[in-house]
Amino acid sequence: MTAKSQRNWNGDPADLLKASEGFRLADVDPDATPGYPDGKKRGESDLATGADELDELQERLFAQSRVVPGSPAVLLVLQAMDTAGKGGIVRHVVGSVDPQGVALAAFKKPTKEELAHDFLWRIEKRVPDAGIIGVFDRSHYEDVLIGRVRNLAEPAEIERRYGAIVDFEKGLTDRGIRLVKVMLHISADEQKARLRERLDRPDKHWKYNPGDVDERELWPAYMAAYQTAFERTSTPNAPWYVVPADAKWYARLAVQALLLEALEGIDPQWPAADFDVEAEKARLAAT
């Protein structure tokens, strides 16, 4: 079911992008626009229209949680190689809603205190409250991606983490948290072009990290680590969605569509007034 405000898809984005059984990352073209043949101009128009619907749904979600105990929340998990556009998703998709209903967490290298605990310890503290759209800019998956590629933990520990993640996410969905797990899939050539742009433009030098070139040399290992993560942790209650990200407009539109579908599935309702509306109108008129 496509979102109400995005009428130009020729298929359900959730079905088209889901990493279902038998999924192979190597078969996904990072420059493709699955389900959306109408191009950038129409896509940007749909993105603007979808922003209005997303804003209303987020406000309804937040408002409902103020009066209904145990109301749902949404958690958007963003994973990607560097330059794939996670920041653009935060600005151009999530940024269209009221910030009081959003909780953003960017998980960087663990601190000494965090390393003294289980890898999920720091994640659990940032799980969104009822009525909130949480965003993880990188997440607990770092511990089975870079952790695996860079040998930051023993193989047996990496294996344990897959099961721990599945159990953790099952607990979240049981609590009413709708998970939207997205990998933004960029090609190595597109990443190279984006890194070169950061070097060519002084206003983007602050974004450049020399370590990104080192990580590029491990590209095949990262793609294999993602494939394993999809196979081990894409579940019916918390599936992965792989979004081709060479075209920024498409990646933003697709993630917006996935969020809209999640919120439409929740269908949050405006809370009913707990006072006599007509009486309050009369009181107000008399002042």
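The values are calculated or read from the model by the stated rules, or taken from the named source; none is laboratory data. Please read these numbers as outputs of a predicted model, since none were measured by experiment. Ideal geometry is used to build each Cβ from the backbone, glycine not excepted, and the neighbour counts take in all protein chains shown. Only protein heavy atoms, including side chains, enter the accessible area calculation; ligands, DNA and RNA are left aside. Shrake-Rupley method; radii C 1.70, N 1.55, O 1.52, S 1.80 Å.
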Report summary line: In deg cm²/dmol, rounded to the nearest 500, the helical mean residue ellipticity at 222 nm of the chain, built from -39500 (n - 2.57) for every DSSP H run of length 4 or more, is -15000 deg cm²/dmol
Report summary line: Taking segment 159-287, the lysine pairs whose C-alpha atoms sit under 21 Å apart (8 or more places apart or on different chains) add up to 7
Query raised in the report: Using Cα pairs under 8 angstrom and six or more residues apart, how large is the relative contact order of the chain, in percent?
Result: 33 percent
Query raised in the report: In whole angstrom, and with the biggest value first, how far do the Cα coordinates of segment 101-175 range along each principal axis?
Result: 38, 25, 20
**Report entry** Relative contact order (%) - criterion: Cα under 8 Å, at least six apart; region: segment 177-250
**Finding:** 59 percent
Query raised in the report: Ranked by accessible surface with a 1.4 Å probe, highest first, in what order do 41, 192, 204, 181 come?
Result: 41, 192, 204, 181
Requested in this report: State the Cα centre-to-centre distance between segment 37-105 and segment 228-272 in whole Å.
Outcome: 10 Å
Report summary line: If each part is reduced to its alpha-carbon centroid, segment 203-222 and segment 147-169 end up apart, in Å, by 23 Å
Query raised in the report: Using the per-residue mean of other Cβ atoms lying within 10 Å as a proxy for protection, in what order, highest first, do the peptides 145-153, 250-258 fall?
Result: 250-258, 145-153
Requested in this report: Roll a 1.4 Å probe over the protein heavy atoms and report the accessible area of residue 283 in Å², nearest 10.
Outcome: 150 Å²
Query raised in the report: To the nearest 10 square angstrom, what accessible area does residue 117 show with a 1.4 Å probe?
Result: 80 Å²
Query raised in the report: At residue 201 and residue 231, where each label point lies 7 Å from the Cα along Cα→Cβ, what is the point-to-point distance in nanometres?
Result: 3.9 nm
Report task. Could you order 208, 241 so the one with the most accessible surface comes first? Probe is 1.4 Å. Result -> 208, 241
Query - Distance histogram in 5 Å bins (all Cα pairs of segment 193-287, percent per bin) - result: 2, 9, 9, 11, 14, 12, 9, 7, 6, 5, 5, 5, 5, 2, 0
Query raised in the report: Per residue, what accessible area does the chain have, given a 1.4 Å probe and all protein chains present, in Å²?
Result: 50 Å²
Report summary line: Two pseudo-spin positions, 7 Å from Cα along C-beta at residue 287 and at residue 4, lie apart in nanometres by 3.2 nm
Report task. Would you mind giving the three semi-axes, in whole Å and largest first, of the ellipsoid equivalent to segment 67-211 according to its Cα gyration tensor? Result -> 27, 22, 13
Requested in this report: Any aspartates and glutamates with Cα under 19 Å of the residue 125 Cα? List them, leaving off those in the same chain fewer than 8 positions away.
Outcome: 113, 114, 137, 142, 143, 167, 169, 174
